[in-house]
Every structure is written in structure tokens, then in C-alpha cells.
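S.K.: Before we start, here is the structure in question, set down as C-alpha cells.
Every read-out reported here was derived from the displayed coordinates using simple, explicitly stated rules and does not represent laboratory data. All of these numbers come straight from a predicted model, not from anything done at the bench. Here the Cβ positions follow ideal geometry from the backbone for every residue, glycine too, while neighbour counts run over all protein chains shown.
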Amino acid sequence: MIIQDEKDKDKLALVYESEKAMDISKARSELSDYLTLYEIPHLFYSLEKFPLTNNGKVDTSKLTFIAQQSYDERGVIAADQTSETDSAFRTMLKEVFGVELIGCNDSLFELGVDSIQLVKIKNWIEENEKKEISLLDIYTLDEIGKLEAEIYS
């Protein structure tokens, strides 16, 4: 399904029914074997049960509302994870993605990364931090905190 970010940019969300959350990094890695980057969902949401209509079908409007609400709450979580001294890396990411808050647990995919943005991130790291990093490494590390640890180690 499609939900909107703060700038009304579309985000591809996958909502699945399960009592336990899946390993999102592993799921993305496996999906990348079959899908192109832009086809891989930015967001993954687990529900114990899908909302149903009176006819017993999945209520897609409620499902979309739940996914959108979960995405909107991400900003609150990111606010708790930011510090007064954001790294230069996070400042650059805020500019690339056009967002005000980026937390250490945020995922590049949740932020809606595309291939052009991946290249911008790679180039910035190599030019500003003088650290060689491959697109695959950025793709694999995914979470902002993990990327920062790799860059500043």
C-alpha cells in the first residue's frame, strides 16, 4: 500500500499479519534478490490481525489508516533519538530526504531512499568523511546508527 510522508511523497508500505515481527533487514535482503530497489517496500508493519469489513474482507481503508498512523508516530520516536549535536552525516541526510528529524534507529528505506539518494549518500561519505564505502554496504547497514558507527569508526 502507499502512504504519504511529511512532504506528501509516496512511501511503499507492506503490512503483514503475524504475532511476531520479522527481521526487516533479512526480508529486504531476500526481496532484493527478486525485486528492483524501487519495488522494495520502505516500511514494514506487523499486525496480529487484519481489520475486516462486515463481509469478512480486509478493510483496506482501516489498514491504510493504521499504516499511516504508525508512520506518523515515527517522527515522535525519531525526536527521542536525536541529540543536540547531530552528526554532520545526519544533517546531510535531513537535507537529502527533506525531513527535520532522523533517529539512530531510522532506516534509509523507511525514509524512502532511492538509487540517486544512495549515490549522494555514498559520495558525501567519501568526500566529507574520507571513508571508502560501497553502495552495497550502505544498503546492507541500512539503519542510521549502524551507518554512523561504520563511518565514524
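S.K.: Could you work out the helix-only [θ] at 222 nm for the chain, with each DSSP H run of four or more residues adding -39,500 (n - 2.57) and the total divided by the number of residues, to the nearest 500 deg cm²/dmol?
M.R.: Taken over the chain, the calculation gives -14000 deg cm²/dmol.
S.K.: Farthest toward the dipole's positive end in the chain, which of Thr53, Asn123, Met92, given Cβ charges of +1 (Lys, Arg) and -1 (Asp, Glu) about the Cα centre?
M.R.: Checked the options; the winner is Thr53.
S.K.: Separate question: Points 7 angstrom from Cα along the Cβ direction at Ser25 and Glu100: gap in nanometres?
M.R.: With each label placed 7 Å out from Cα toward Cβ, I get 3.1 nm.
S.K.: Dipole size in debye (nearest 20) for the chain around its Cα centre, Lys and Arg Cβ +1, Asp and Glu Cβ -1? Walk me through the numbers on the way to the answer.
M.R.: Numbers: 17 positive and 31 negative charges, 67 e Å.
With only Lys, Arg, Asp and Glu charged at Cβ, the dipole is about 320 debye.
S.K.: Also: Choose one answer from Ser61, Ser70, Ser46: the residue with the largest mean-square fluctuation in a GNM of the chain with alpha-carbon springs under 10 Å.
M.R.: Fluctuation is largest for Ser61.
S.K.: Rounded to the nearest 5, what is the percent of antiparallel bridges among the DSSP beta bridges in the chain?
M.R.: 50
S.K.: Compute the distance in nm between two label points, each set 7 Å from the Cα along the Cα-to-Cβ direction, one at Gln4 and one at Asp59.
M.R.: 2.2
S.K.: Pairs of alpha-carbon atoms within less than 8 angstrom and 6+ residues apart define the contacts here; what relative contact order does the stretch 15-57 have, in percent?
M.R.: 62
S.K.: Taking N as the number of residues in the chain, what is its Cα Rg relative to 2.2 N^0.38 Å?
M.R.: 1.11
S.K.: Normalised by the residues of the chain, what does the relative contact order come to in percent, with Cα pairs under 8 Å and at least six apart?
M.R.: After rounding, I find 21 percent.
S.K.: Just to be sure I understand the model, the point goes 7 Å from the Cα along the line to the Cβ. What's the resulting Gln117 to Ser153 distance in nm?
M.R.: 2.4
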